[in-house]
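What follows is a short report on a single structure.
The values are calculated or read from the model by the stated rules, or taken from the named source; none is laboratory data. From a predicted model like this one, the values you see are computed outputs, not experimental measurements. Virtual Cβ from ideal backbone geometry, glycine too; neighbours counted across all protein chains shown. Heavy atoms of the whole protein, side chains included, go into the accessibility calculation; ligands, DNA and RNA do not. Shrake-Rupley method; radii C 1.70, N 1.55, O 1.52, S 1.80 Å.
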Amino acid sequence: MSTQGADVIVIGGGATGENAASRAVEHGLDTVLVEAELLGGECSYWACMPSKALLRPGDALATARRVPGAAPAVTGGVDVDATLRSRDAFAGLDDAAQEDWATSAGVRVLRGHGRLDGERRVTVKGTDGNQTTLEARRSVIIATGTRAAIPPIDGLTEAQPWTNREATQISEVPRRFAVLGGGVVGVELAQAFARLGSQEVTLFELEDRLLGPEEPFAGEDVEAALTADGVDVRTGTEVVGVTRQSDGTVSIDVEGAGPVVADELLVAVGRRSATHDLGLNTVGLEPGQPIEVDDALRATGVTGGWLSAVGDVNGRNLLTHMGKYQARLAADAIAGRDVKAWADSAASTRVVFTDPQVAAVGLTYASAREQGLSVEVFDVPTGGVAGGALLGKDVPGTCRLVVDMDRSLVVGATFTGPGTSELLHAATIAIVGEVPLERLWHAVPAFPTVSEVWLRMLEAAGL
């Protein structure tokens, strides 16, 4: 056993923890980063990066098929082996490069499982079994993220379903693939596997539409695309039991319908904070629950302001880029700056990388109304401008602005269609900068680009 000191201790070496640690070092603070698995975390190896690598080949082929002059050249499907090699290049299970980066940034990396052991004290059980005690002179930052939630469905746990981890690190494509959950992970991987060659893909969603928190048309557009890809989309459907059979297949019992048999079942119904084994009880917090924080990302249930929690683990916003945002602010606060996190609630950016993509920022019409805002929406078809039409035949999608009419400000935007994620940042700037519609009218989009939808949406708003 050894004891070490540091200004800042970060528990969790995913993207959020890495950002917190490197930002603290930039402020001149001696910082230790503790990680039990791979540096880079969930997003790098089991979520954002590998899923996009699996989706991209099918998306590229679909893009070509929409263009009349290119469509005849598309005579085959996705090359699965090449796709998996590309996945490995982006998200292979080797974090040597990440450790090199952390070291070059001045971050001290300690491998092992970190747990709080009272105020400003962390014990780390190394992979070699040795224990190190760390004592923080200033702060401890928790950045342990979340894990996939497994709902209490009869037999589900015993059936050993896939989570995002198994699904994104496949070595072969199952012939019959089932998905429980119609959120981001569910719809992305349903489409990925359909285009990678699964002959039967079934998606179950308890609610009556996909992508429930987003604008209704977003879920409708994605459902239409999944159906066109051969996915059996079953919304308003309750799975009541699951059995892993002796031949290795999975039998899925559906309320009011016959069972569905698949080779593998992905569970994608949400996430839970990874706080069950962090020693939270030693500082008066409840294990297994999100760590509530203030707008400076300091834990509200701990006196002295020495404990911070950033990213998914605090439950404010379960998105990688927002975790990084919080991480930077938390390190700034520890260094003595006056900070306030607010973009993770007022201007949250999110993208679903299906074909068509769903890109959104800020409020939906429904959430704006729930906040008591006097809003109107202004919609135009994504393919209704010259740049959109040039993307190919029958370009799907809708572009929507949600406008606070009392202040003449954009408070939300949603874009669906091919590549619409690239429209998102302009909307983000409009919301964060509180740019009045009358001023946005003078932001002239180039012709012929898809960004001309901005002109059309502002015209619909009466400008």
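Element breakdown for the stretch 161-217 at a 1.4 angstrom probe: carbon and sulfur atoms account for 48% of the accessible area. Model label sites at Leu93 and Lys125, defined 7 Å from Cα along the beta-carbon direction, differ in position by 2.1 nm.
For the stretch 316-463, report the % of Cα-Cα distances exceeding 26 Å. Roughly 29 percent, rounded to a whole number. Seen from Leu29, the other residues with C-beta closer than 12 Å to its C-beta sum to a net charge of 0, counting Lys and Arg as +1 and Asp and Glu as -1. Per residue, the chain exposes 43 Å² of solvent-accessible protein surface, assessed with a 1.4 angstrom probe and all protein chains in place.
Other residues lying with their Cβ under 13 Å from the Cβ of Glu119 contribute a combined charge of +2, Lys and Arg counting +1, Asp and Glu -1. Computed from label points 7 Å out along Cα-Cβ, the spacing between Arg147 and Leu463 is 4.9 nm. Annotation: cysteines of the chain without a disulfide-compatible partner (Cβ-Cβ under 4.7 angstrom) are Cys399. Screening the chain for whole DSSP H helices of 15 Å or more along their axis (Cα) with average Kyte-Doolittle hydropathy at least 1.0 returns 184-196. A full extension of the chain between Thr227 and Ala386 corresponds to an added length of 54.5 nm, given 0.36 nm per residue minus the alpha carbon distance.
Within the chain, DSSP assigns beta bridges of which about 55% are antiparallel (rounded to the nearest 5). Using the Stokes-Einstein relation with a Kirkwood hydrodynamic radius computed over Cα pairs, the translational diffusion coefficient of the stretch 1-64 at 37 °C and a viscosity of 0.692 mPa s comes to 237 µm²/s.
Of the accessible area of the stretch 1-85, computed with a 1.4 Å probe over protein heavy atoms only, carbon and sulfur atoms account for 54 percent. For Lys340, give me every one of the lysines with a C-alpha distance below 22 angstrom, ignoring sequence neighbours fewer than eight places off in its own chain. Qualifying lysines at Cα under 22 Å: Lys324. The base-10 log of I(q)/I(0) for the stretch 83-233, evaluated at q = 0.09 Å⁻¹, reads -0.48 [Debye formula, identical scatterers on Cα atoms, solvent excluded]. By the Cα gyration tensor, the chain has an equivalent ellipsoid whose semi-axes, rounded to whole angstrom, run 37, 30, 21 from largest to smallest. Select from Ala443, Ser408, Val395 the residue farthest towards the positive end of the dipole of the stretch 385-463; place +1 on Cβ of Lys and Arg, -1 on Cβ of Asp and Glu, and compute about the Cα centre. In the stretch 385-463, that residue is Val395. Stretched out straight at 0.36 nm per residue, the stretch from His276 to Glu238 would grow longer than its current Cα-Cα span by 10.8 nm. Where the accessible area of the stretch 250-310 is counted over protein heavy atoms with a 1.4 Å probe, how much of it, in %, is carbon and sulfur? It is 44 percent, rounded to a whole number. Highest mean packing comes first when the peptides 353-360, 15-22, 205-212, 152-159 are listed by Cβ atoms within 10 Å, giving 15-22, 353-360, 205-212, 152-159. Quote the FRET efficiency, to the nearest 0.05, computed for Trp441 versus Gln160 with a Förster distance R0 of 45 Å and r equal to the Cβ-Cβ distance. Rounded to the nearest 0.05, the efficiency is 0.20. Between Arg137 and Asp263, the FRET efficiency from the beta-carbon distance, with R0 = 41 Å, is close to 0.15. Sorted on the mean count of surrounding Cβ atoms within 10 Å across their residues, most packed first, peptides 88-98, 214-224 read 214-224, 88-98.
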